[in-house]
Amino acid sequence: MPTRVQTDPIKVRRILRIIFSQSRPPVARCRLLSSGMGPAHMLKVDEEIVGSKACLGCGNCMDACPLLAREPQRRLRSDVRSSMALETLVAEDCDRCGNCALACPQVDPTIKHYLVQTHLAEGMAELLARAGTEEIYALDLMLSLN
Ligand code: SF4
Ligand code: SF4
């Protein structure tokens, strides 16, 4: 659970726009813009992590990444489950889906809401605008083959 005072996404809107416009895993930068775990967090860990924005090494971001799901052989390049590993394994092949940021317990819900309401809504609008095109048929075909 993040601290009760969470990052106001409007105040960091400019940097969030840059983060979500780049083909690079956004989770680490979203984490660093967040408030960190609050005192009521339920994780059983030795270190004091209240207020920390550090990566907890939970691997949620890697589990949520569609690129690593599509190409599981990439995971073999690292035993570590952290945002650093995600950065290394995905690099500039990132789909810009935002799943990693949404799955991270260290990213403030305020930033996650911003991501859903802006970046993901734009992605959905783009997809709907392309509905009926050959590109969508190709996607349907690809999904039906999997
Ligand atoms: S989850 Fe999405 S945004 Fe995050 S690294 Fe993977 S493809 Fe990129
Ligand atoms: S989801 Fe877990 S492993 Fe990924 S950046 Fe957040 S804390 Fe680190």
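The table below lists the values:
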| read-out | value |
| --- | --- |
| Residue 78 being under 19 Å from residue 24 (Cβ atoms), more than 10 Å from ligand 2 (Cβ to nearest atom) and surrounded by 13 or more Cβ atoms within 10 Å (Cβ to Cβ) | yes |
| Pair list, Cβ under 6 Å, 6 or more apart: segment 34-51 residue closer than 14 Å to residue 107 by Cβ, other residue acidic (Asp, Glu) and surrounded by 10 or more Cβ atoms within 10 Å (Cβ to Cβ) | 34/108; 35/108 |
| Where a residue in segment 1-28 is within 30 Å of residue 44 (Cβ to Cβ) and its partner, wherever it lies, is acidic (Asp, Glu) and assigned to a helix (DSSP H, G or I), with Cβ under 9 Å and at least six apart | 25/87; 27/87; 28/87 |
| Residue tally, condition surrounded by fewer than 18 Cβ atoms within 10 Å (Cβ to Cβ) and within 17 Å of residue 103 (Cβ to Cβ), over segment 7-23 | 0 |
| Count of residues meeting criterion [in a helix (DSSP H, G or I) and either closer than 25 Å to residue 21 by Cβ or within 12 Å of the chain's Cα centre (by Cα) (or both)] in segment 56-106 | 27 |
| Extreme residue, nearest to ligand 2 (Cβ to nearest atom), among residues of segment 1-54 that are in a helix (DSSP H, G or I) and either on the phi > 0 side of the Ramachandran plot or of a type outside the set (A, V, I, L, M, F, W, C) (or both) | 31 |
| Residues (buried (at least 20 other Cβ atoms within 10 Å of the Cβ) and either within 12 Å of ligand 2 (Cβ to nearest atom) or among the charged types (D, E, K, R) (or both)) located in segment 91-101 | 99, 100, 101 |
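Where a number appears in this text, it was derived from the coordinates with a stated rule and is not lab data. Small disclaimer: the values here were computed from a predicted structure and weren't measured. Positions of Cβ are backbone-derived with ideal geometry, glycine not excepted, and every protein chain shown enters the neighbour counts.
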